[in-house]
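Before any comments, here is the structure.
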Amino acid sequence: MARDDESQSNGWKSYYGSRLNDGKDEDDVETLKAERDQLREQYASKQKEADVEESTLKFEGLAQQIREEMPLAQEPVESARLFRDPRSAVPAQQAPDEQQPPKARTSNTTYVPRRKPKVFLWSFLIALGIVLSIGAGALFYLWNGLRPPAAGEPIEVIITPGMRAQKVAELLEEKGLIRNAFLFSGWMKLKDEGSRFQAGVYKLKPGMTREEIVAKFDAGDIVAAATIRFTIPEGFTVQQISQRLADAGAADRTKFLDAAKSPSLWTGSSWTSALPADGSLRYPLEGYLFPDTYEFKRGATEAEIINRMLAELDRKLDQLPEDWQTELEERGLTVHQLLTIASLIEREVVIDEERPIVSSVIQNRLNKKMPLQIDATIQYLLDKQKERLLQEDLKVESPYNTYLNPGLPPGPIATPSYKSIEAALYPDKTDFLYYVTKKDGTNTHLFAVTYKQHQKNIQTSEKNEKNAKS
């Protein structure tokens, strides 16, 4: 029997055991390959399980972080339901005793740090800053708009009857007594002010508080009624009257002329109702606004001034002799025609003693149906008064041209004085048909019955003019 340590020429000792190769080499090689492949599969399976475990732990760490940062509480989801081994064929709802035991976390888990909500904080701070800025700006606007302006000299403020609180606020801002009419008006509404304001003229000083201003208006603490005084000279036209009133600050020129063309505003005289309505008059109230010195409260309207002047005309007519209307009827004249003749006398005569004489010339020419040929009617048609009329001026096409048209013009050409009205009503009894200015500085006239006498008077007038110049 052979020993183990003896060499065998037909065999070798296996690396994997103590048995000797008995000549079955091919079978042993196949067995070794099978064992090698089995070991490789076991190693790959272990490596894959390790990778899956590491991925699962990372995913569970991320899921835990998401649950901690979520603003609303939610149902936790089991990591096994979120992720499980894809190789496992075990259903998700397997029995507890069949479930795999949880794997312990290892140090390979990746931790993601929690972010701080800085974006929300900065957004809140910016929004808060904007709100505070708007609020501060609004408060400054209110404070600045309601605070009194700088002190200054007293200013006159006129509150008219029925003026609304908003208009009062606008007037105060225009005068520089408040800074902002809109805020002042709103403050008055808040305080229920403005309904007790009294009309009148007030003296207010810049720098007064809004409470002081309102208290003054409520109490009616007005200054003494300011008046305005003006004089309308005899012989003025409506246009000249309107300019005189504008210069005196008593009325607006355009508004006055508009009121002088609006019959619905005329309540001062009963005689205006008989005015011609055929449109032939340049200004319907020409000759009806009696010339005098007037005094009105400041702020009087244009219509109030007109009616006061019309009332003065009625008062002057009432001062005529009691039979004045009978005299008009006997002569076949109306009040309108009387005032027309009186206006012609007013513009032609300066010396009162000559007014009845010139009135007689007008009356005589009317009786003879002669053209009046009064230069004053031509001057009335011109924009500016001329010292000497030209022949071309005498050809102006107008019903007021007494050189081209016989009889009286459509209406008065100026405001006649009481003396002229009286002279037109009671002319002297003469045969004069002509007159010419002496031009010797006396403002008197030379009268004539015939045209030949009139030519001699014209020569005398021209001679006097040359002597005056020399």
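Of all the criteria given as (1) in a helix (DSSP H, G or I); (2) without any contact (Cβ under 8 Å) to a residue 40 or more places away in the chain, the one not satisfied by G279 is (1).
Put simply, of E353, E465 the only residue that is under 60 Å from the mean Cα position of the chain (by Cα), of a type outside the set (S, T, Y) and part of a helix (DSSP H, G or I) is E353. Filtered by the rule that a residue be under 29 Å from D431 (Cα atoms), touching a helix residue (DSSP H, G or I) at 6+ places or on another chain (Cβ under 9 Å) and either in a loop (DSSP other than H, G, I, E, B) or not hydrophobic (A, V, I, L, M, F, W, C) (or both), segment 366-392 gives M370, P371, L372, Q373, I374, D375, T377, Q379, Y380, L389.
Of the candidates E392, E397, E348, E353, the single residue that is in contact (Cβ under 8 Å) with a residue 24 or more places away in the chain and not assigned by TED's automatic domain parsing to the domain that holds K438 is E348.
Each residue in segment 451-470 was checked for being free of Cβ contacts under 8 Å to residues at least 24 places away in the same chain, among the hydroxyl-bearing types (S, T, Y) and within 23 Å of L372 (Cβ to Cβ), and 2 pass. Of everything in segment 375-410 that's surrounded by 14 or more Cβ atoms within 10 Å (Cβ to Cβ), more than 47 Å from the chain's Cα centre (by Cα) and among the polar types (S, T, N, Q), which residue is nearest to L281 (Cα to Cα)? Among those residues, the one meeting the criterion is N401.
Looking across E193, E212, E234, one residue alone is surrounded by 15 or more Cβ atoms within 10 Å (Cβ to Cβ) and either within 29 Å of the chain's Cα centre (by Cα) or part of a helix (DSSP H, G or I) (or both). It is E193.
Among the residues of segment 257-276, some residue qualifies, meaning at least one is in contact (Cβ under 8 Å) with a residue 60 or more places away in the chain and assigned to a loop (DSSP other than H, G, I, E, B).
Name every residue in segment 371-426 that is within 20 Å of Q240 (Cα to Cα) and basic (K, R), in order of residue number. Scanning segment 371-426 gives K384, K386. For T430, state whether it is modelled with pLDDT of 95 or more, within 29 Å of A260 (Cβ to Cβ) and in a loop (DSSP other than H, G, I, E, B). No, not satisfied.
The values are calculated or read from the model by the stated rules, or taken from the named source; none is laboratory data. Just so you know, these numbers come straight off a predicted model, no measurement behind them. Note: ideal-geometry Cβ built from the backbone for every residue, glycine included; neighbour counts use all protein chains shown.
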